[in-house]
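Q: Below is one structure. I have some questions about it.
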Amino acid sequence: MHELIFMDLEWNTTFYRDRSGARLPFHELIEVAAMKVDPASGAMVDSFHSYIHPIVGRKLEGRTYRLLPYGREELRALLADAPIFLELGPAFLQWCGNAPVFVEWGNNDVEVLLANFAHHQLHFDADWKCEYFDLQYMYQRLVEGSPACQPSLEKAVTELGIGADLDFHSAWNDTYYTILVYQTLLDRYEGLQLFRRPPRQKGRPPLWEAELGSFDTRWACKNRPEVAQPACPLCGGALSRGRWVRTLPTEQVARCKCKVHRRLYLTVTAEKDGQRWSGKAAIYKDAGPIAERYRKMLGKLQKKDKPAKKV
């Protein structure tokens, strides 16, 4: 594995209006800190740090001041002299490289980073991709033995006996502390490998599932033959497929019929993978919550499709 990039971000939650005039929330970055680390030894080899001058929400919300370890005037001065994201984003991307592997405490920072690139219409190269790991989840499983609670970084540092001389909730300091936690886990667990939180699964497993590959648009994966012309996993017979229904932002479901095994559910999920979309497909017999979501959304669509009664 290449160098790991430990990253922590700070942002100010503000609002903006889209083209339709709707008022939408946005986590605008005001500080980014990242350190490159050798995965085997935990040694720090390079770093990147900058404050960011906000332009979407020029007024910082009270929670931002309360959370960060700066006085109001100090923070305002730091942000006033900082570059805007349009200048900083490309420089940070170049520093990260074309295939960064991020490590964060929690699972929000990479999502917020990508959202800021999208909001400012900064585009990635066609071959750019990233992956990321949640060290908080690893700590939960390895040290606490349960993913039930989500310990703060400060709690983990204290429990591991790591000296805490720096303030928390500064992007630079929190990145440094996250690396110290990783180094401690390397010492405690021989052959430590990064691992991800498994996806949530409710109900019975699918009869069939497949990775569809990477695509330019969200639902292009539906053109794959195994989705466009599905077959019953139990008997191999052709399935007659009904209407596609979007049940979640990342999920579409179609109810299918097999002459032998009757009703089945075909699902397609699309997840953002850098600038592309990664598609998966599955077929269920007992679909549980998937079927419930399908019926609920189909009912809404059918109600909307009905012509209005003439008076």
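Q: Name the residue that is surrounded by the most Cβ atoms within 10 Å (Cβ to Cβ), counting only residues in segment 20-60 that are touching a helix residue (DSSP H, G or I) at 6+ places or on another chain (Cβ under 6 Å) and in a loop (DSSP other than H, G, I, E, B).
A: 52
Q: Sticking with this structure for a sec: Would you pick out the residues in segment 212-248 that are in a loop (DSSP other than H, G, I, E, B) and under 12 Å from residue 279 (Cβ atoms)?
A: 216, 217, 218, 219, 224
Q: Note down all Cβ pairs under 7 Å where the first residue falls in segment 103-127 and is open to solvent by 10 Å² or more (accessible area, probe 1.4 Å), the second is hydroxyl-bearing (Ser, Thr, Tyr), and they're at least six residues apart or on different chains.
A: 105/178
Q: Right, here's the next one. In segment 172-195, how many residues are buried (at least 16 other Cβ atoms within 10 Å of the Cβ), assigned to a loop (DSSP other than H, G, I, E, B) and among the aromatic types (Phe, Trp, Tyr)?
A: 0
Q: For segment 250-268, state whether one or more residues are surrounded by fewer than 11 Cβ atoms within 10 Å (Cβ to Cβ), among the β-branched types (Val, Ile, Thr), part of a loop (DSSP other than H, G, I, E, B) and modelled with pLDDT under 90.
A: no
Q: Something else about it: Does residue 236 satisfy being open to solvent by less than 70 Å² (accessible area, probe 1.4 Å), of a type outside the set (A, V, I, L, M) and farther than 18 Å from residue 210 by Cα?
A: On the way: open to solvent by less than 70 Å² (accessible area, probe 1.4 Å): yes; of a type outside the set (A, V, I, L, M): yes; farther than 18 Å from residue 210 by Cα: no.
The answer is no for residue 236.
Q: Looking at (1) farther than 28 Å from residue 30 by Cα; (2) free of Cβ contacts under 8 Å to residues at least 40 places away in the same chain, which is the only condition residue 189 fails?
A: (2)
Q: Out of curiosity, is residue 246 modelled with pLDDT of 90 or more, among the charged types (D, E, K, R), within 30 Å of residue 126 (Cβ to Cβ) and open to solvent by 30 Å² or more (accessible area, probe 1.4 Å)?
A: yes
Q: Follow-up. Kindly evaluate residue 241 against the criterion of being touching a helix residue (DSSP H, G or I) at 6+ places or on another chain (Cβ under 9 Å), surrounded by 14 or more Cβ atoms within 10 Å (Cβ to Cβ), among the charged types (D, E, K, R) and in contact (Cβ under 8 Å) with a residue 24 or more places away in the chain.
A: It is true that residue 241 is touching a helix residue (DSSP H, G or I) at 6+ places or on another chain (Cβ under 9 Å), surrounded by 14 or more Cβ atoms within 10 Å (Cβ to Cβ), among the charged types (D, E, K, R) and in contact (Cβ under 8 Å) with a residue 24 or more places away in the chain.
Q: Could you run through segment 134-184 and say how many residues are within 20 Å of the chain's Cα centre (by Cα), within 22 Å of residue 69 (Cα to Cα) and hydrophobic (A, V, I, L, M, F, W, C)?
A: Number of matching residues: 2.
Q: Taking into account only those residues within segment 61-74 that are without any contact (Cβ under 8 Å) to a residue 40 or more places away in the chain and closer than 18 Å to residue 27 by Cα, which is most open to solvent (accessible area, probe 1.4 Å)?
A: Filtering segment 61-74 for residues that are without any contact (Cβ under 8 Å) to a residue 40 or more places away in the chain and closer than 18 Å to residue 27 by Cα, the one most open to solvent (accessible area, probe 1.4 Å) comes out as 66.
The values are calculated or read from the model by the stated rules, or taken from the named source; none is laboratory data. What you are looking at is a predicted structure, and each value in this text was computed from that prediction instead of being measured. Methodologically, a virtual Cβ is constructed for each residue, glycine included, from the backbone with ideal geometry; neighbour enumeration extends over all protein chains shown. Areas reflect the complete protein model, heavy atoms only, side chains present, ligands, DNA and RNA absent. Shrake-Rupley method; radii C 1.70, N 1.55, O 1.52, S 1.80 Å.
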